[in-house]
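So the structure is just underneath, and the comments pick up after that.
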Amino acid sequence: MMMPGFDRFRASHAGETRGEARFRSLGSVPGLVLSFLRLFDRTTRILIVACLSVTVVSLCVLIPQGPAPLMGDPDGASPAVAAADVRETPAASTKRAEAVPAPGKSPRTTSALDWRSPTGGLHIDLAKVKDLHLVVSLDHQRVYVMSGRRVVYTMVCSTGMDGSTPRGDYRIQNRGDDFFNEHENMGAKYWVSWANYGEYLFHTVPTDRSGRYIASEAEKLGRPASHGCVRLSVSDAQWLYRQLPEGTPVSIR
């Protein structure tokens, strides 16, 4: 004897349309749902469909779009903060590793340049540098302290305007504490001559008649500004004045 539920199931399917039968025969989820709903009368079907619709809509509203970190979750840090952390660490380590920039690097912006301090990091002991010589780059406004073919220190400089710094190979000559040029109405400190015994020099940024540094001229460090000499920061010029041996080769390129 068959169960009453099965009788209702068979009776309900006896009157189904040909399209419904084909749809149910495919074994799809909609077909199974349709078969399930035929177990109930029309009113019950409407209630079931209404409940399912409300449930689906509620889930769509309540479930967030994509994963979101929980409050207080350490792994849910802001992407901007995480990215900044990643950028900062390698940059700091690179700066320590490359305290001496290589030739050809783009000049640093002069707005943040301290013309009183060393422009290439801590000064080294020039007495310990083998095969010491200097290379002045007119294009990059840099003075490279070389050990053979290797750069061991880099300084920011200002060479002559309008190509007034002569190119060529020279050697360090005499030196002095300071000077003042009446024609130019400015002087400098810690000068070291590399051509014509006092005509072309390494020296500090300019000073006035009283020996005070002229800030407006000093802020030009890093671009051509002199009348042929090579201007350096106060600390860099003093370093060469004290340590650069007489006869050291100088190449102006």
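Using the Cβ of residue 147 as centre and a radius below 13 Å, the other residues enclosed give a net charge of +2, where K and R count +1 and D and E count -1. Distance between the pseudo-spin-label points of residue 162 and residue 243 (7 Å out from Cα toward the beta carbon): 3.7 nm. Ordered from largest to smallest accessible area (heavy atoms of protein chains, 1.4 Å probe), the residues 227, 140 come out as 227, 140.
Give the calculated FRET efficiency between residue 128 and residue 181 to the nearest 0.05, with a Förster radius of 35 Å applied to their Cβ-Cβ distance. Kindly include the intermediate steps, with their values, before the conclusion.
Working: r = 35 Å, r/R0 = 1.00.
FRET efficiency, residue 128 to residue 181: 0.50.
Multiplying the residue separation of residue 45 and residue 174 by 0.36 nm and subtracting their alpha-carbon distance yields 35.7 nm.
For region 190-196, 3J(HN,Hα) computed residue by residue from phi via the Karplus equation (6.51, -1.76, 1.60; θ = phi - 60°) reads 6, 8, 9, 7, 10, 7, 6 Hz, glycine and proline entered as x.
For region 181-253, go through all pairs of different Cα atoms, get the mean of 1/r, take its inverse, and jot down that Kirkwood value in Å. Each step should come with its number before you reach the end.
Numbers: mean 1/r = 0.0790 Å⁻¹.
When all Cα pairs of region 181-253 are included, the Kirkwood radius is 12.7 Å.
Rounded to the nearest 20 debye, the dipole size of region 137-243 about its Cα centre is 460 debye, using +1 on the Cβ of Lys and Arg and -1 on the Cβ of Asp and Glu. Taking label positions 7 Å along the Cα-Cβ direction at both residue 251 and residue 54, the computed distance is 8.8 nm, reported to one decimal.
The values are calculated or read from the model by the stated rules, or taken from the named source; none is laboratory data. Only a predicted model underlies this, so the values are computations on that prediction, with no experimental measurement involved. Every residue, glycine among them, receives a Cβ derived from its backbone with ideal geometry; neighbour counts consider all protein chains shown. These area figures cover heavy atoms from the full protein model, side chains too; ligands, DNA and RNA do not enter into them. Shrake-Rupley method; radii C 1.70, N 1.55, O 1.52, S 1.80 Å.
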